[in-house]
Every structure is written in structure tokens, then in C-alpha cells.
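Report on one structure; see the data block that follows.
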Amino acid sequence: MVRAEAALEEPLAEARPRWGATALGRLLRNRLAVVCLAIIAVVYLAGILAPWVAPYAYDDQNLDNTYAGTSWSHPLGTDELGRDMLSRVIWAAQTTVVISAAVILTGGLALGVGLGLLAGYAGGRVDNLIMRVADAFFALPDILLLLLITATVRPRVEKLFEGQIAHWPVLGPIVDAGGPDYFLVFGALAFFGWVGIARVIRSQVLSLRESEYVLAARAMGASLWRVLGRHLLPNVTNLIVVSITFSLGAVAGTEIMLTWLGIGVQPPHPSFGAMIFNGSGLSTLRNHPNLLLVPAAVVGLLLFAFNLLGDALTDVLSPRRR
Amino acid sequence: MPGILPYIVRRLLWAPFVLLAVTLATFALGRFGPGDPIEVLQGQYNNPEVVERIRQERGLDDPFLNQYGRYMWDALHGELGTSSTYLGVAVEDIIFEKLWVTVQYNLLALIIIFAIGLPAGIWAALRRGTWQDPLTISVLLLFRSLPVLVTIPILQYILAIKLGWLPSGGWDEREILGLKLGIFDKRIIMPLLVLSLPGIAGVARLMRAQTLEVLDQDFVRTARAKGLQEFVVVSRHVARNALLPMTTIVGFALVGLLGGSLFVESLFGIPGIGQFVWKAVLNYDYDVMMAVTLITATAFILVNLVTDIAYGFIDPRVRLGGRGGG
């Protein structure tokens, strides 16, 4: 018995560091993936460091210098109010970063992974309930539900924020900074964001549940949380990493849609959605196409990078594909 | 086929519950939401007494569940309420016309997606290991990554403004065999392009993955070993087996398409259901929103049901669902 335990100990200790080392190594050997990582890092860092990196504030107007072309002081030109396009793009990246982080942490990780683990491991009625709700979400076009939210929930949330929270000491300034918009976008996205990831995690847990090591852990009297946290969660990490990569791209894409529908970030706060919306009128397009092309190029590149990286990660992390 | 009947029954029993949940949620959002439809109807300088009278006539003061029950009862009899923007017009008189516009070009897009996506996926899988495979997949991935709200204005800029090849939007119907068809006009080319490109990418990527899986199977090696022509191997043995799982995504593809129609119709000015519902949302026209939700939800549940059942017939593992096989 003692010997068997000692024999078990060794490969385990060896196995742990290998995951990070080999998977990351393989990913870094993929040149395309490295380029994608670099693109994502640049956009995200610019967003996080916006107050220091952006040459102008996002609402810095100069009505004497509207629709300017590229110049040394405005590398990407200016928009209809003379605001620097480069600065607006950088601040828009910040919006994307903030919303993505909030959505992924709550909708993706907490709700998605949590419900997926629970449904897969508990099985039976719990599983049925969670998955049928997921089915209902999946079967309907989210745009229809988003529309209903636009029509019905938005005015209430605004009223709530303006009526009460605006007078609170800490949250008050956040409301002034467009808090309700961020809250609505994030709420709507988190509301839909959990379904995909929960499904993926559940199906994996469903098969892991029957594996010998989970059986062994349960036989040894491990609690529910220990089985979930120590045995199942580490084995779905690969899936989580891949799903999160794809969802980060999806969140950035959906923000554009939400802004168009009017649930998005409101002016003067910049977001890629708002900028694209602004630049896509036919007369603007005819005379000043750069108002559309600048944000569209950045978003396109970012989404493309996320999807390519997700593909590369899938290849690297799933042993069966290789 | 043992087991297929309980499977169908289980799926059928579930469908009304989903429909009930969706309609109840929509109805609640509408009734408890902002923007009293009667006040909208009466305009800014309304007479409170008149508003109250109309409200009573329409039963808007009744308990919520009574209203919901009455609405669903009417809906079952084909009465979908009255629009408050198109004054006094019954929703059912106008909605099917709009639906027909959307359905015709979406079906065409669906056909294009599968007609191009499936061969492209097989082609890419067969070229594995050459530069053609990753290039095809990357280009397709680019189309899949871009949101329609980015592609529409860019296409309008390039094709309509810069090159002037196509009109920037619109809808023109022609009568062919007694049907009003708008899909034989050059105005529809850009919307179709926008709708099908991401779909083609999705279908091709899935098809490639399926084909790669089938290519590794023993029966493919056997087919090649017995000297069959490559074309026969691919069409009879590989494609046929790789196609099976693709049936499940027809439903999802349709969901994605109809979701995109809202933007496509609004930006290209196509008088379909997407534009209709968007206007209804802006005007708090709850009866229209409710009707659209009801119809789309029913359609999606039916499509999913049909694909699920079809797949249950094709693949016994699905209907046995973990109880037996695995």
C-alpha cells in the first residue's frame, strides 16, 4: 500500500509543470499565434494605459479642425467635432477591455464554468434544468431578446442609476462617467455569455465524472467541492482557456451590435461600436471614409486575432487533434 | 427503430414549455415595461379620461395573467393584436407580408452558404499539409470574425460608392408565378453577400473538421486500397459520412441568419421583419414585438425539433443519450 502510494506520487509531481511548459512552448512556436498575441497585447495595453498613452482626451474638441486628414499632431485624422481619432480609438479600446473583463469574469467564469461543472457533475434534475434553460437561450436569436431589453429594461436602469445611485458617495462619479451604459452592456452580455461555455464544460465533465480518478476520490470520501475544485476543474482548464479566448473576441464584436441597438455606451464616451456607427452613414462614408475605416480596421484585426489564437490554442491544448 | 418514439415524444413535450416561458417573459416585459402603448397612441396632449376609457376597453387594467391568457387564446385563433404605429391595422394583416420578404432572401442565403461552404470544407481538408488549407481557413476565419455592422458599411463604401457597381440598398419586387419575389434584383446581392460570407466560413470550418475525422477512418483506407478512384472515395465514402453531423447546424445557421437580418434590413432598407420589429421597438409597439417573438420562437423551436429528430434517426447514439451507448 505504501509502495503504491509512493509510485503514484512521482508521476504526479512530474506531470504538473509539464502542462504550462509544453503547451505554451508549442503555442510560441506557432508564429501566427505569436503575432495574434502581440496584436491583442497592443490593443489591450493601449486600452488599459489609455490615460497615459492617448495624446488627447476622448472628448477634446477642436471645431476649427474637423475632418482633418493625417498629420503629425493627429496621426489618424480627426472626426466631425475635431476630436483626435487615435485618442478615440485608444479610449474605445479601454471600453472594450473594461466590458470584456467584467463579462468574462461574471458571465464566462462564474456563471458559465460554475453552471457547467454543476450540471455535468450533479446530473439528473439539476442538469436537466440548467441545460433546458441553456437550450431556450440558444434556440432564440439573442438579438430578439436584446431588442426587448432595449425597449423595456434600459429606461428603468437609467432611472434607477440617476435617481438613487447618483447621489451615493463613491458610485456617484461612476454614474457621471457613463456607469449605467457600461452596466447595461455588461449585464446584457453576461446574461447571454454563459450558455456556450457552460455547454462545453458540462459535456466534458459528464465524461470525466465516470473516470477512475474521480471515482477513487469519491471512494476516499472527498467532498463535493474537493472533487469539483481539485479533480474536475484542473481537467477542464484547457477548455476554459480556449472558450475564453473565443468569447473575448465575441464580446468585442457584440458591443458593436449593442451600441447600434442603443444599449451601448453613449456619447461622448467612445467605443468601437459608437465610432463605427458614427462613421457608417452614407454621406459620411462618401466624404470621410476614414471615420469608419480606422475603428473598423482595429476591431477587425482584434477579432481576427482572437479567433486565430483560439484556433491555435485548440490545436495546442487538445491532444486528440495532434 | 427502437427508442426513436420516446425520443420524439420527449422532444415534443418539451417544446410547449419553452414557448410558454419565452412568450410569458416577452409579455411581462411588454406589460410592465415603460411607454404606455395607449399614451403613445394618443400623442403628447392626450386626454386622461380617453386614455383610461381605451385602457378599459382593451382590458389593460385586468390582472396580468388574465391578459396573457386572453392574448394567447386570441393568438391561437390567429389574432395577434393591433399595431399602435400602423394605426388600427391588425398585426396579422401586415406581419406575414414582412415575414415573406425576410424568409425569401434568408433561404437563398442558407442555400448559398451550404452550396459553397460544404465543398470548400472538403477541399480544404483534402489539401491538408499544403499552403492552400491554412490560407483558405484563415481567409474564411477573417470573414467570420467581422461583425455585419462592420462589413455592411465597408461593402457599401467599396461596391456602391467607390466602384458604383451596385446600389447601396433598397428592395424591388417582381411578380413571378403569382409570387412577389425580390431576390431577382441586383439590390439583393450585397445583403446576400453580407449574410452568407460568415455562414460559409462557419460551415466550411466545421465541414473541414468533420472531413478530417472521416479521412482517418479505416474504411477510407480500405476504399483507397481496393483501388477506387479518388473522386468516388471522396464523394461516396468521405463526404457522405462527414455530412451527417452537418444536419444539426442547419437550425443554428438559420437562427444566425435571422438575427443578422435586423441589421441587414435596417442598413439596406429592406422592408422585412427585422426592420419591422426594430421600428416597433423604437415606438414601444408591444403587440408587434409580441407577435414577432411568438412567430420566431415557434419557428425556431420547430426547426430545432425537426433537426433533433432527424439527427435521432440518423445517429442512434443521440436518441439513446448516454443511457445506453457512449
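For chain B, modelled as a GNM whose springs connect Cα atoms under 10 angstrom apart, the maximal fluctuation among B:GLN275, B:GLN229, B:GLN67 occurs at B:GLN229. Which residues in region A:290-320 place their backbone N less than 20 Å from a point set 7 Å from the Cα of A:VAL35 along the Cα-to-Cβ direction? Under 20 Å, as judged by backbone N against the label point of A:VAL35, lie A:296-316 of region A:290-320. So if we plug the beta-carbon distance of A:LEU81 and B:ILE161 into 1/(1 + (r/R0)^6) with R0 = 25 Å, what FRET efficiency do we get, rounded to 0.05? About 0.60, to the nearest 0.05. Stretching the chain fully between A:ARG230 and A:LEU45 yields a gain of 63.3 nm (0.36 nm per residue, less the alpha carbon separation). Averaging 1/r over every pair of different alpha carbons in region A:246-305 and inverting the result gives a Kirkwood radius of 11.7 Å. Ranked from largest, the principal axis spans of the Cα set of region B:52-115 equal 55, 25, 17 Å. Under 1.5 on a/c is rounded, so check that first for chain B, then, if it is not, pick prolate when a/b is larger than b/c and oblate when it is not; a ≥ b ≥ c are the square roots of the alpha carbon gyration tensor eigenvalues. Oblate, since a/c reaches 1.5 and b/c is not below a/b. When the Kirkwood radius is taken over all Cα pairs of region B:197-326, what Stokes-Einstein diffusion coefficient follows at 4 °C and 1.567 mPa s, in µm²/s? In µm²/s, the coefficient rounds to 72. GNM on chain B, alpha-carbon springs under 10 angstrom: the most fluctuating residue among B:GLY169, B:GLY269, B:GLY227 is B:GLY227. The number of Lys pairs in the protein assembly as shown with C-alpha atoms less than 21 Å apart, excluding pairs fewer than 8 positions apart on the same chain, is 4.
Computed over chain B, relative contact order equals 26 percent, with contacts defined as Cα pairs under 8 Å that lie 6+ residues apart.
Available extension along the chain between B:GLU97 and B:ARG128 is 6.5 nm, counting 0.36 nm per residue and deducting the alpha carbon span. Region A:243-322 and region B:209-226 have Cα centres separated by 39 Å. The length gained by stretching the chain between A:SER71 and A:LYS159 to full extension, at 0.36 nm per residue less their Cα-Cα distance, is 27.4 nm. Taking other C-beta atoms within 10 angstrom as a stand-in for reagent exposure, B:PHE114, B:PHE231 fall in the order B:PHE231, B:PHE114, fewest first. What percent does the relative contact order of region A:242-322 come to when contacts are Cα pairs within less than 8 Å and at least six residues apart? Contact order relative to length: 34 percent.
For the protein assembly as shown, rounded, prolate or oblate, judged on the Cα gyration tensor with a ≥ b ≥ c (square roots of eigenvalues), a/c < 1.5 rounded, else prolate if a/b > b/c? Taking the square roots of the gyration eigenvalues as a ≥ b ≥ c, the protein assembly as shown is rounded.
Secondary-structure-derived ellipticity at 222 nm for the protein assembly as shown, considering helices only, amounts to -23000 deg cm²/dmol, per-run term -39500 (n - 2.57) for DSSP H runs with n ≥ 4.
Every read-out reported here was derived from the displayed coordinates using simple, explicitly stated rules and does not represent laboratory data. Keep in mind it's a predicted model, so treat the numbers as computed, not measured. All Cβ positions, glycine included, derive from the backbone under ideal geometry; neighbour counts span all protein chains shown.
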